[in-house]
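Report on the following structure.
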Ligand code: PGA
């Protein structure tokens, strides 16, 4: 059975003190729950060490929001995969639409980031998703196919088995307009078929595919009940402990 995951992407939010309060509050609330899936927190890079200390005492795992595609060296401002590994960071988001849009990250750069992370056993959470105009003209499947092919399909089977995919339609991110459960299921099923064709049905079946985009405590139960939706990548709703914990607990 593939692993379910709920991950909270805090983006560039929270003071250090607020971040510490939020992570300890989430950890405390989940402490007594029976949870047989993964709960991941993705704080800003400066808070990774603090978050990683909390994670040690709890069920939480920690993810970075970004990584350099370079190894180590003269790359001012960057953080390497080896540094993340040293902090015992389990996952790293790659290719979030905000990084593709505001930082002009290209498919080739994303493929390099994936490679660096796998070199150091940090698991990429690789984001794909179409823009509104692309859905309006019916090209969402072509867009997602090309993101998968260009960012991930250079990997061999063994490497690919460390990948988590997140389908995040850009029009749903931070907008309050969530994909319908059927739209999410349709795309997740499409992504799983792509993986099956490229690798094999076993690998496709074992790949965790998360949904992201205006997922909250009111809609997570129906989204997560879909056959190919294996949890969520949660932005805004992960910034409040109560709501995030409700979303975590809505995984069946
Ligand atoms: P949102 O963001 O939940 O605020 O829409 C999701 C994401 O960007 O990962």
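The values are calculated or read from the model by the stated rules, or taken from the named source; none is laboratory data. This is a predicted model, so every value here is computed, not measured. Glycine gets a Cβ as well: all are built from the backbone with ideal geometry, and neighbour counts include every protein chain shown.
Among the residues of the range 173-188, what is the count of those that are in a helix (DSSP H, G or I) and either surrounded by fewer than 15 Cβ atoms within 10 Å (Cβ to Cβ) or free of Cβ contacts under 8 Å to residues at least 24 places away in the same chain (or both)? Reasoning before the result, please.
Keep residues of the range 173-188 that are in a helix (DSSP H, G or I), which gives 181-188.
Remaining after also requiring either surrounded by fewer than 15 Cβ atoms within 10 Å (Cβ to Cβ) or free of Cβ contacts under 8 Å to residues at least 24 places away in the same chain (or both): 182-183, 186.
Residues meeting the conditions: 3.
Suppose the filter is part of a helix (DSSP H, G or I), over 20 Å from the mean Cα position of the chain (by Cα), surrounded by 17 or more Cβ atoms within 10 Å (Cβ to Cβ) and touching a residue at least 12 places away in the same chain (Cβ under 8 Å); does residue 98 pass it? Steps first, please.
Values: part of a helix (DSSP H, G or I): yes; over 20 Å from the mean Cα position of the chain (by Cα): no; surrounded by 17 or more Cβ atoms within 10 Å (Cβ to Cβ): yes; touching a residue at least 12 places away in the same chain (Cβ under 8 Å): yes.
Considered against the rule, which asks whether it is part of a helix (DSSP H, G or I), over 20 Å from the mean Cα position of the chain (by Cα), surrounded by 17 or more Cβ atoms within 10 Å (Cβ to Cβ) and touching a residue at least 12 places away in the same chain (Cβ under 8 Å), residue 98 comes out as no.
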Self-check item: Residue that is surrounded by the most Cβ atoms within 10 Å (Cβ to Cβ) [pool: residues in the range 206-220 that are out of contact with any strand residue (DSSP E or B) (no Cβ under 7 Å at 6 or more places or on another chain) and touching a residue at least 60 places away in the same chain (Cβ under 8 Å)]
Solution: 213
Exercise. All but one of (1) more than 13 Å from the ligand (Cβ to nearest atom); (2) under 15 Å from residue 124 (Cβ atoms) hold for residue 194, so report the exception by its number.
Key: (2)
Quiz item: When you look at residue 63, is it under 30 Å from residue 252 (Cα atoms) and out of contact with any helix residue (DSSP H, G or I) (no Cβ under 6 Å at 6 or more places or on another chain), yes or no?
Solution: yes
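So, residue 75, is that one part of a helix (DSSP H, G or I) and at negative phi or not? Even if it seems obvious, please write down each step before you answer.
Values: part of a helix (DSSP H, G or I): no; at negative phi: yes.
No; evaluated as a whole, the condition is false for this residue.
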Self-check item: Top-ranked residue in the range 114-140 [being assigned to a loop (DSSP other than H, G, I, E, B) and out of contact with any helix residue (DSSP H, G or I) (no Cβ under 8 Å at 6 or more places or on another chain); ranked as farthest from residue 167 (Cα to Cα)]
Solution: 137
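So, residue 111, is that one out of contact with any helix residue (DSSP H, G or I) (no Cβ under 8 Å at 6 or more places or on another chain) and modelled with pLDDT of 95 or more or not? Don't jump to the end; show me each part of the working.
Numbers: out of contact with any helix residue (DSSP H, G or I) (no Cβ under 8 Å at 6 or more places or on another chain): no; modelled with pLDDT of 95 or more: yes.
No: the conditions fail for residue 111.
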Exercise. Give the number of residues within the range 203-219 that are out of contact with any helix residue (DSSP H, G or I) (no Cβ under 9 Å at 6 or more places or on another chain) and more than 16 Å from the ligand (Cβ to nearest atom).
Key: 1
Quiz item: Inside the range 1-20, can you point out the residues that are over 13 Å from the mean Cα position of the chain (by Cα) and within 12 Å of the ligand (Cβ to nearest atom)?
Solution: 12, 13
Quiz prompt | Qualifying positions in the range 25-72 - part of a loop (DSSP other than H, G, I, E, B) and under 19 Å from residue 116 (Cβ atoms) | solution = 65, 66, 67, 68, 69, 70, 71, 72
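Which members of the range 220-252 meet the condition of being part of a loop (DSSP other than H, G, I, E, B), within 14 Å of residue 185 (Cα to Cα) and within 16 Å of the ligand (Cβ to nearest atom)?
Kept after step one, since they are part of a loop (DSSP other than H, G, I, E, B), are these residues of the range 220-252: 225-230, 235, 239-240, 250-252.
Going one step further and asking which of them are within 14 Å of residue 185 (Cα to Cα), we end up with 225-230.
Hits for the range 220-252 are 229, 230.
This table checks each residue for (1) in contact with a strand residue (DSSP E or B) (Cβ under 6 Å, 6 or more places away or on another chain); (2) over 19 Å from residue 9 (Cβ atoms); (3) at pLDDT below 95; (4) crowded, with 24+ Cβ neighbours inside 10 Å.
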residue	(1), (2), (3), (4)
190	no, yes, no, no
195	no, yes, no, no
198	no, yes, no, no
204	no, yes, no, no
222	no, yes, no, no
232	yes, no, no, yes
236	no, no, no, no
241	no, no, no, no
Exercise. Any chance you could count how many residues in the range 150-172 are away from the ligand (no atom under 14 Å from the Cβ), part of a helix (DSSP H, G or I) and either in contact (Cβ under 8 Å) with a residue 24 or more places away in the chain or in contact with a strand residue (DSSP E or B) (Cβ under 9 Å, 6 or more places away or on another chain) (or both)?
Key: 6
Practice problem: Please state which of the following conditions residue 104 fails to meet, knowing it meets all the rest: (1) without any contact (Cβ under 8 Å) to a residue 12 or more places away in the chain; (2) closer than 18 Å to residue 169 by Cβ; (3) exposed (fewer than 15 other Cβ atoms within 10 Å of the Cβ). | Solution: (2)
